[in-house]
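Contents: one structure, followed by commentary.
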Amino acid sequence: MLVRIDQEKCCGAGHCVLAAPDVFDQRDEDGIVVLLDAEPPAELHQAVQDAAAVCPAAAISLERV
Amino acid sequence: MTALRDVAVVGAGAAGLHAAEALRRAGYDGRLALIGAEDEPPYDRPPLSKHLLGGEWQPDRLALRGPQALEELRLDLRLGVPAERLDRRERTVRLADGHRVRCDAVIVATGVRPRRLPGADGPVPGAHVLRTLGDALALREELRAGTRLLVVGGGLLGAEAAATAVGLGAEVTWLASAAVPQAAVLGTETAALLAGLHREHGVRIHRGTAAALLRRHGRAAGVRLTDGSELAADTVLMAIGSEPATEWLADSGVPLDDGVVCDAYCAAGPGVWAAGDAASWPDPSTGRHHRLEQRTNATEQAVHAARNLLAGPDGVRQAYQPVPYLWTDQYGLRVQAFGRPGDADRFEVVDGSLADHRFAAVCGRAGLVTGAVGIASARALRHLRAQVAAHSAWPSEAS
């Protein structure tokens, strides 16, 4: 799985950090998403899919590799 | 629920899209109709009053999913055709083009439509609302240096539109009935900070309540206020709230009272669920029904409605108890809030300071933490979210 983020679209809700804290973080100054792991291990895929699904700004996209 | 073969999601905005996605993700393999009144595939509304109105983004950036992701959902996608009627006995949704879509279950996600002032019931050149992409493009068309724009309504939408318009060089008057616009949503302290920024950027904030649109030569010319005075303008934006778009359910038997009346599981009777701006459900802390017109709610509630739908009456359903989240962008600042800072009567900054435009504050009411609000302090705010979620006792641990 390849994770991509769009920092311009991100609204800073932090839902992704709550869903998958090993993969996403937020910049403190504006809450914008920071990608910690673009190719997360299999055991995190479910959490990452949850994060992408609940992102209110559609700022996370996933690609199968 | 073994007979579930046809699900119709009515409303193709964020809530509708996320409901459809959640159904597929949870393994629903039957027919899935997604019905939308607008022509565009599901798009995001928050940027309409910000990047889109400001001209920084073009409409294609608003798409919530690309063509391939939509394809993979295997939808019976019906766009540009509003639903007209739900017949629960026949199990069909009748569309404006006469087609009937079968549905063993329906998720109502038809959202809201903006209120208009008396005198602006039909289309009036120069009088605008801001809900759809078409609305935003029409307003953008009129905003240029020197345009006298009157924004009516002291909520977040009016605030964002005023900020964007003044950035485009428009002469903006912002009419709000509250002493401090946006206070009902963000709390007085944060709202006062933003009101100061609006004034610094040249927005004239006028306190009062609009009674009717004024027209001259068939065009909007301003508004008349309830005190009889008038405000003149070239262009008027009505940002005075909205009403659930549920008239298509009028004789369906689905309970309606300021939205679709749901139980704690987003269900509104056998075979009917609702999510997003049009859904009203009991707040677990007060027991009162309420709606949340917030972007994140559309997503979270849609996911809940879809999962509960698939769980069936005997399955494990989950009550919907979100921690509300909203954000607004004005003058380069992003305000973020959890819970209900607007209802609070306690406010305490726990990180940074208002003067620096960088803070996180916890808000409380009746001995409980009820909200958190901040600017440029995402981490501290996220920690406060846990207290909001837990309805922690006031004074907050962080203060």
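Only the coordinates and a few stated rules stand behind these numbers; no lab work does. Predicted model, so just to flag it, every value in this text is computed and none were measured. Note that each Cβ is placed from the backbone with ideal geometry, even for glycine, and that neighbours are counted across all protein chains shown.
Of the beta bridges DSSP finds with both residues in the protein assembly as shown, what % are antiparallel, to the nearest 5? Please report the intermediate quantities before stating the final value.
Details: 57 of 90 bridges.
Here the antiparallel bridges make up roughly 65 percent for the protein assembly as shown.
Let me confirm one metric for peptide A:49-58, namely the mean number of other chain beta-carbon atoms within 10 Å of its residues' beta-carbons. Don't skip to the end; give the middle numbers.
On the way: counts 1, 2, 0, 1, 8, 7, 3, 15, 9, 13.
Shielding by partners across A:49-58 averages 6.
Go through B:219-226, B:283-290 and give me the packing order, highest mean Cβ count within 10 Å leading. Walk me through the numbers on the way to the answer.
On the way: B:219-226: 19.8, B:283-290: 11.4.
Top to bottom by mean Cβ count within 10 Å: B:219-226, B:283-290.
Please list the non-local residues whose amide H lies under 5 Å from the amide H of B:Asp76, H modeled 1.01 Å from N, same-chain partners needing a gap of 5 or more.
Long-range HN contacts for B:Asp76: B:Leu32, B:Ala33, B:Leu34.
Return the Rg/Rh value of segment B:258-325, two decimal places, where both radii are evaluated on C-alpha atoms and Rh is the Kirkwood radius. Write out the running numbers ahead of the final one.
Values: Rg = 10.8 Å, Rh = 11.7 Å.
That ratio equals 0.93.
In whole Å, what are the Cα extents of segment B:133-196 along the three principal axes, biggest one first?
Reported extents, whole Å, longest axis first: 34, 23, 17.
In whole Å, what are the Cα extents of chain A along the three principal axes, biggest one first?
Here the Cα extents, ordered largest to smallest, are 31, 18, 16 Å.
Within chain B, what percent of beta bridges assigned by DSSP are antiparallel, to the nearest 5? Present the calculation step by step, with values, prior to reporting the outcome.
Numbers: 50 of 83 bridges.
Antiparallel bridges: around 60 percent, rounded to the nearest 5.
Rounded to two decimals, what ratio of Rg to Rh does segment B:324-399 give with C-alpha atoms and a Kirkwood Rh? Let's see the in-between values first.
Working: Rg = 11.2 Å, Rh = 11.9 Å.
Computed over Cα atoms, the ratio is 0.94.
For every helix of n ≥ 4 consecutive DSSP H residues, a contribution of -39,500 (n - 2.57) applies; sum these over chain B, divide by its total residues, and give [θ] at 222 nm rounded to the nearest 500 deg cm²/dmol.
Numbers: 8 runs with 87 residues, N = 399.
It lands at -6500 deg cm²/dmol.
Taking every pair of alpha-carbon atoms in segment B:220-347, give the share separated by more than 25 Å as a whole percent. Mind dumping the intermediate values first?
Numbers: 3430 of 8128 pairs.
Roughly 42 percent, rounded to a whole number.
Under a point-charge model restricted to the Cβ atoms of Lys and Arg (+1) and Asp and Glu (-1), what is the dipole moment magnitude of the protein assembly as shown relative to its Cα centre, in debye to the nearest 20?
Details: 48 positive and 58 negative charges, 182 e Å.
Once rounded to the nearest 20, the dipole reads 880 debye.
Using alpha-carbon positions, what is the distance between the centroids of segment B:196-238 and segment B:119-152, in Å?
That distance is 13 Å.
Provide a whole-number value for the mean count of partner chain Cβ atoms within 10 Å of the Cβ atoms in peptide B:322-334. It would help to have the intermediate numbers written out before the result.
Details: counts 0, 1, 0, 6, 3, 6, 1, 3, 0, 0, 1, 1, 6.
Averaged over the peptide's residues, the number is 2.
Report the gain in length on full extension from B:Ala178 to B:His217: 0.36 nm times residue separation, minus Cα-Cα distance, nm rounded to one decimal.
10.9 nm
Scaled to the compact-protein estimate 2.2 N^0.38 Å, what is the alpha-carbon radius of gyration of chain B, rounded to two decimal places?
Working: Rg = 21.7 Å, N = 399, 2.2 N^0.38 = 21.4 Å.
So chain B has a normalised radius of gyration of 1.01.
How long are the three semi-axes of the equivalent ellipsoid of segment B:50-185, in whole Å, if each is the root of 5 times an eigenvalue of the C-alpha gyration tensor, listed from largest down? Please report the intermediate quantities before stating the final value.
On the way: eigenvalues 248, 76, 43 Å².
For segment B:50-185, the semi-axes come out at 35, 20, 15 Å.
Normalise the Cα radius of gyration of segment B:1-63 by 2.2 N^0.38 Å (N = residues in it) and let me know the number.
Working: Rg = 14.8 Å, N = 63, 2.2 N^0.38 = 10.6 Å.
Rg over 2.2 N^0.38 Å, computed on Cα atoms: 1.39.
Relative contact order of segment B:132-254, please, whole-number percent, based on alpha carbon pairs below 8 angstrom and at least 6 residues apart.
Numbers: 205 pairs, mean separation 31.9, N = 123.
After rounding, I find 26 percent.
Translational diffusion coefficient, Stokes-Einstein: compute it for segment B:188-282 using the Kirkwood radius over C-alpha pairs as Rh, at 25 °C and 0.890 mPa s, and state it as an integer in µm² s⁻¹. Walk me through the intermediate numbers first.
Details: Rh = 17.1 Å.
D = 143 µm²/s.
Hey, got the average number of other protein chain Cβ atoms within 10 angstrom for residues in B:377-386? Don't jump to the answer; show the numbers that get you there.
Values: counts 4, 13, 8, 1, 5, 8, 0, 0, 2, 1.
What the average comes to for B:377-386 is 4.
For segment B:232-276, build the convex hull from the C-alpha positions and give me its volume per residue in Å³.
Working: hull volume 4.9 nm³, N = 45.
Convex hull of Cα atoms, per residue: 108 Å³.
If I model the protein assembly as shown as equal point scatterers sitting on the Cα atoms and use the Debye formula, what is log10 I(q)/I(0) at q = 0.06, 0.07, 0.10 Å⁻¹?
With no solvent term, the Cα-only Debye profile gives -0.26, -0.36, -0.75.
With each run of n ≥ 4 DSSP H residues scored as -39500 (n - 2.57), what mean residue ellipticity at 222 nm is computed for chain A after dividing by its residue count and rounding to the nearest 500 deg cm²/dmol? Provide the component values of the computation, followed by the final result.
Numbers: 2 runs with 15 residues, N = 65.
Dividing the helical sum by the residues of chain A leaves -6000 deg cm²/dmol.
Would you mind pulling out the separation of the Cα centroids of segment B:1-37 and segment B:82-100, in Å?
Segment B:1-37 and segment B:82-100 have Cα centres spaced 16 Å from each other.
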